[in-house]
Every structure is written in structure tokens, then in C-alpha cells.
1. Can S61 be described as part of a loop (DSSP other than H, G, I, E, B), over 23 Å from A308 (Cα atoms) and either free of Cβ contacts under 8 Å to residues at least 12 places away in the same chain or assigned by TED's automatic domain parsing to the domain that holds I318 (or both)?
2. What number of residues within segment 210-255 satisfy the criterion of being touching a Phe, Trp or Tyr at 6+ places or on another chain (Cβ under 8 Å) and in a strand (DSSP E or B)?
3. Part of a helix (DSSP H, G or I) and modelled with pLDDT of 95 or more: does that describe L46?
4. Restricting to segment 83-103, give me the number of residues that are surrounded by 24 or more Cβ atoms within 10 Å (Cβ to Cβ) and at pLDDT 95 or above.
5. Quick check on R235: is it closer than 18 Å to L113 by Cα and surrounded by fewer than 17 Cβ atoms within 10 Å (Cβ to Cβ)?
6. Can you find even one residue in segment 182-199 that is in contact with a Pro (Cβ under 9 Å, 6 or more places away or on another chain), in the same structural domain as K45 (by TED's automatic domain parsing) and surrounded by 18 or more Cβ atoms within 10 Å (Cβ to Cβ)?
Amino acid sequence: MQGLEQHWYRITPLHLILLPISFIFQVLAATRRVLYRSGILTSVKLPVPIIVVGNITVGGSGKTPLTLWLAQQLIDSGWHPGIISRGHGGTTKSPLAVYVSSSPIEAGDEAVLMAQRKLCPVWIGRDRVGAARALLKAHPECDIVLSDDGLQHYRLQRDFEIAVVDGVRRFGNGFLLPAGPLREPLSRLTQVDAIVVHGGAATEDQHSMQLFGQSFYNLLNSNATAQAADFFGQRLHALAGIGHPQRFFTHLNLLGLKVQAHPFPDHHRFTPADLDYIEADAILMTEKDAVKCATFANEKCWVLRVDAQLDSLITQQILEKVTPDGRQTA
């Protein structure tokens, strides 16, 4: 998919070949959804509410920060959430608990990042039903589950769907894979419970989300922290292997930092060679990339922690839907 991405935000001669394939993909995706909705393919209802955070496009849009924000909101409201994820980029297929010390090669970078926040249990599995069942068995105190990136995983029934939209890249050229970045047609957005727009203009019935972060910590010593001003005047390089690397570089620029940017593909598996050739006073990176560089990082590596910021109305929407009996929360 990496080579095709350059064709997803414009129209090129290659679309003469891609569009017929895209039409076939659309038919297959629609058929699959109909089969689940009609009961021909079996979906599973779990004993606790399931909140799905996903998107209809390929690539990162801010799902993981939103999932962590929702987990904190639910904890503050008296719930005991658990998080499940596919473990994208990891080698594990079967359900697996993810801990602070888990390997991102095995569990995936995003799952390890979520576990390192220490908010609630995190489990992964390509079958989200299996991952959720394993989580609930290991943690019977969990009374609600957040599924990170599970919008198209229809085998798992859900009580509330959230679609995250990249407010900058939006929907590219509007075509489905492989001609464009869409996993499902735009009409899918009319069927979700809430739409969160990350980093762009939101309509009145949508929620606007920003990622906020201005403090860094040293990758070798998390107790060592720094502010953006501490890096002024230094030779700075920044690397990002996320869905939209330019978003990270722009964030650094807004903090007043001039960096030499090194973009990598999403979920890039970093090696020592990716750092060894960089001559800099400081190398700045995202939390998602930091979990993959921790074993070979040097003292020049600094990590920017970011947190989602959005209105609490979406939390109210969720609680109103998953507590129809009027359950009181703390």
C-alpha cells in the first residue's frame, strides 16, 4: 500500500487500472457488511458494552490518543475499562496481554504505548472477539471495553461507534482502496454514533479533537524532562513513523523548533541504523516510535508526549447509550 499512497490524494493515469479494482473492493466490502447485518455471518455480543474507535480511511488519524482519552474519561466516571486492539505491526495472532515491558515487535507499537500509560488492561488479537473474551476472563472487574481500530471488525457487536476523521487529509480523492484511501464508502459515516475530527474544522454535530503536547522526556531516563525552549539553538532532527508524519513535524514547528525531518512509513520497524547516521544535539520522536527505539536509543533521544483534547459531550453520549437503565456513575 505504501507505493499507492501517492495516488490516493489526486487523480493519476494509474486510476484507469485502480478504479475497476476499487469497484470490486466496494462490492466485497458491502456484501460482507450485509452478510453480518442479516445474520448469515455470525457476530458476537459480549456481556459488557463495547465502544469502537475506528476510521474509514487507511492510516493513522488519532484513534489511539482518543482511545486513551476515553479510557481516562470512563475511569473518572466510575467505570473499569479495558482496551483491545489488533496489535498492528506485531507478530502475535492469538489473544495476548500487553504490559509496559512487552515487545513492540510482538505486540505492536500502539498496543505497547497504550499499556505504558497504565490506565487499564490492554489485550491484542487479530480476532477482537477472542481478545475481548480473554481480557474479560483475566480482568472480571472490567465493565466496559474500548476497541482501538475496530470499525470494520463486524464480528464483534458494538454499543457505540466512533469514527475518527483526519481533519487535514480528510478522505483523499474519495475513492475506495486501492484507488483511494477509503476502507468503506463515505456513507458509512452516517451510520456511526459520533464523528471526531482530528486537527481540522468540525461541523456542529461533530467533535473537534486536537493533540496537545509541549513537554519532552528522555528516552533513556524518563525522569529527565525538557520543554521546547530547552532545545532552542540546537541541531535538531525529528523522526516519525506514523500515519501522517508531517503532523508531528508541524507540531514541533509550532513549538518554535526547527528540525531536520525524517519521515518513515507507518509502523516502521526502527533499527539502530536509523539513528546511528544522524548527527544532532537532540533527536525528537513520537511516543509510538519511542517504544520501538527504546532498546538501542542513546542519550540524545527525546520523546514528545501528546494527549487528546476534546469536549466531554462525547463521553455523555456514550454513557447515555450504554446506561439505558439510568445507572449512576461516580
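The values are calculated or read from the model by the stated rules, or taken from the named source; none is laboratory data. Keep in mind it's a predicted model, so treat the numbers as computed, not measured. All Cβ positions, even for glycine, are placed from backbone atoms using ideal geometry, and neighbour counts span all protein chains on display.
1. Considered against the rule, which asks whether it is part of a loop (DSSP other than H, G, I, E, B), over 23 Å from A308 (Cα atoms) and either free of Cβ contacts under 8 Å to residues at least 12 places away in the same chain or assigned by TED's automatic domain parsing to the domain that holds I318 (or both), S61 comes out as no.
2. 9
3. Judged against the criteria, L46 is not a match.
4. 4
5. In short, no.
6. yes
One line per residue, one yes/no per condition, for (1) at pLDDT below 95; (2) in the same structural domain as L236 (by TED's automatic domain parsing); (3) within 23 Å of the chain's Cα centre (by Cα):
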position: L275; (1), (2), (3): yes, yes, no
position: I278; (1), (2), (3): yes, yes, no
position: L284; (1), (2), (3): no, yes, yes
position: A294; (1), (2), (3): yes, yes, yes
position: T329; (1), (2), (3): yes, no, no
